[in-house]
Amino acid sequence: MLPCQTKAMLGFDCPGCGIQRSIQFLVNGELWQAFKMYPAIYPMIGFFLALLINLIKPKAIPQKGVIFLAFSTITLILANFIYKLFL
């Protein structure tokens with residue numbers, strides 16, 4: 001795993017801390033552990049899949065759906081960051 005430079009220099013987790021381990025849990029089939037490690041992993045996957053699908057077939061997924069996935073991802077990333085910051 002790549003070390004977090006923010007944590008190394010500033011001493012606290014960055015908003016992306018945990019995503020590598022979460023992906024590793026997903027690859028190993030440990031879905032709950034992946035969520036516990038990085039809660040934004042599932043809406044993030046949905047968001048990137050929606051973008052990919054819309055690249056292949058434009059407007060296949062409505063813009064409101066893509067915006068909802070983006071908002072959900074950002075909200076969970078920030079909530080997880082704030083939670084870890086004050087934990």
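The values are calculated or read from the model by the stated rules, or taken from the named source; none is laboratory data. Please read all numbers here as calculations on a predicted model, not as lab measurements. Positions of Cβ are generated from backbone atoms using ideal geometry, with glycine treated the same way; all protein chains shown enter the neighbour counts.
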Go through (1) hydrophobic (A, V, I, L, M, F, W, C); (2) free of Cβ contacts under 8 Å to residues at least 24 places away in the same chain; (3) in contact with a helix residue (DSSP H, G or I) (Cβ under 6 Å, 6 or more places away or on another chain) and name the single condition Leu10 misses. (3)
Any residue in region 30-43 that's within 19 Å of Phe81 (Cβ to Cβ): show its pairings with residues that are part of a helix (DSSP H, G or I) and of a type in the set (Lys, Arg) at Cβ separation under 9 Å, as long as the two are six or more apart or on different chains. Ala34/Arg21; Met37/Arg21; Tyr38/Arg21
Going through region 13-51 in order, the residues found to be hydrophobic (A, V, I, L, M, F, W, C) and in contact with a helix residue (DSSP H, G or I) (Cβ under 6 Å, 6 or more places away or on another chain) are Cys14, Phe25, Leu26, Ala34, Met37, Ala40, Ile41, Met44, Phe47, Ala50
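A quick yes/no check of all residues on (1) surrounded by fewer than 12 Cβ atoms within 10 Å (Cβ to Cβ); (2) of a type outside the set (A, V, I, L, M); (3) in a loop (DSSP other than H, G, I, E, B); (4) at pLDDT below 95:
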site: Leu2; (1), (2), (3), (4): yes, no, yes, yes
site: Gly16; (1), (2), (3), (4): no, yes, yes, yes
site: Trp32; (1), (2), (3), (4): yes, yes, no, no
site: Ile61; (1), (2), (3), (4): no, no, yes, yes
site: Asn80; (1), (2), (3), (4): no, yes, no, yes
site: Lys84; (1), (2), (3), (4): no, yes, no, yes
